[in-house]
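Everything on this sheet refers to the single structure shown next.
The values are calculated or read from the model by the stated rules, or taken from the named source; none is laboratory data. What you see is a predicted model; the values in this text were computed from it and never measured. Don't worry about glycine lacking a Cβ; one is built from the backbone with ideal geometry, like all the others, and counts go over all protein chains shown.
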Amino acid sequence: MNSDRINYAEITISAVSPSQYPEDGLTEIVLAGRSNVGKSSFINTMVNRKKLARTSGQPGKTRTLNFFNIEKELFFVDVPGYGYAKVSNAEQEKWGRMMTEYFATREELALGILLVDFRHEPSDLDVQMYDLYKYYNIPVLVIGTKADKIKKSKYNKHEGIIKRTLRFEPEDKFFTFSSFSREGRDEIWEEILSYTRNEME
């Protein structure tokens, strides 16, 4: 797959239970993060689209597992954003059950991406999400979004804060990313595609 020239990127299905998951057998890369971390902008930048994933003025609108088919070679799976105050505890618990069921049962799931705001210390919910990936033995790629808002001279400081807060494990990878400058896009694609190659071998 040539990540510079992506011709096909479509949302295939919005699922709430295993019976609705795609049956294509393609490698799946799950994307998680706080409601306002820039997940939609990340997806759109990665696939060179402006509106594949809808950016919203109302965080917390994703309430399903959204499967995005990329070049008919892999899926990005966008899970509900967390930490949005207007969503009830019961709704949050429902999302939690839906996600853990997916993590626990889905053989096609090869990599978990955790998007965190590079400007801030990860929240307790970010830490829980990282720990959830680790509990299910899912390799993790942590991505610091909105990196264009931080001076390069401060990168090491912010990366250190994020890694310490998450109790970042050495086998995982960390990248900075900006949907504005496209920083990190190529390196992140290279890492993602290494997992699709692993699945094919």
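A few comments on the model shown:
- Failed item, numbered, when Ile138 is tested on (1) farther than 24 Å from Glu101 by Cα; (2) surrounded by 14 or more Cβ atoms within 10 Å (Cβ to Cβ): (1)
- Segment 7-33: number of residues that are hydroxyl-bearing (Ser, Thr, Tyr), in a strand (DSSP E or B) and closer than 13 Å to Leu65 by Cα: 2
- Search result, residues across segment 133-168 that are in contact with a helix residue (DSSP H, G or I) (Cβ under 7 Å, 6 or more places away or on another chain) and farther than 27 Å from Phe180 by Cα: Tyr136, Ile138
- Top-ranked residue in segment 63-84 [being under 21 Å from Thr145 (Cα atoms), part of a loop (DSSP other than H, G, I, E, B) and in contact with a helix residue (DSSP H, G or I) (Cβ under 8 Å, 6 or more places away or on another chain); ranked as modelled with the highest pLDDT]: Val79
- The requirement of being of a type in the set (S, T, N, Q), assigned to a helix (DSSP H, G or I) and at pLDDT 95 or above is fulfilled nowhere in segment 121-142; no residue meets it.
- Inspection of segment 175-186 identifies at least one residue that is farther than 20 Å from Val127 by Cα and part of a helix (DSSP H, G or I).
- Residue match in segment 166-181 (condition: under 22 Å from Gly96 (Cβ atoms), modelled with pLDDT of 95 or more and out of contact with any strand residue (DSSP E or B) (no Cβ under 6 Å at 6 or more places or on another chain)): yes
- Here segment 85-101 is the region considered, the condition is being more than 15 Å from Gln128 (Cβ to Cβ) and surrounded by 14 or more Cβ atoms within 10 Å (Cβ to Cβ), and the residue that is modelled with the lowest pLDDT is Val87.
- Residue check: Ala147 meets all listed conditions (1) at pLDDT 95 or above; (2) of a type in the set (A, V, I, L, M); (3) surrounded by fewer than 17 Cβ atoms within 10 Å (Cβ to Cβ) but one, namely (3).
- Remark: pairs (first residue in segment 27-40, under 8 Å from Gly81 (Cβ atoms) and touching a residue at least 60 places away in the same chain (Cβ under 8 Å); second residue among the polar types (S, T, N, Q) and assigned to a strand (DSSP E or B); Cβ separation under 9 Å; 6+ apart in sequence or on different chains) = Gly33/Thr145; Val37/Thr145; Lys39/Thr145.
- Within segment 35-48, if we keep just the residues that are touching a Gly at 6+ places or on another chain (Cβ under 8 Å) and either of a type outside the set (D, E, K, R) or at pLDDT below 90 (or both), the residue that is nearest to Glu190 (Cα to Cα) turns out to be Val37.
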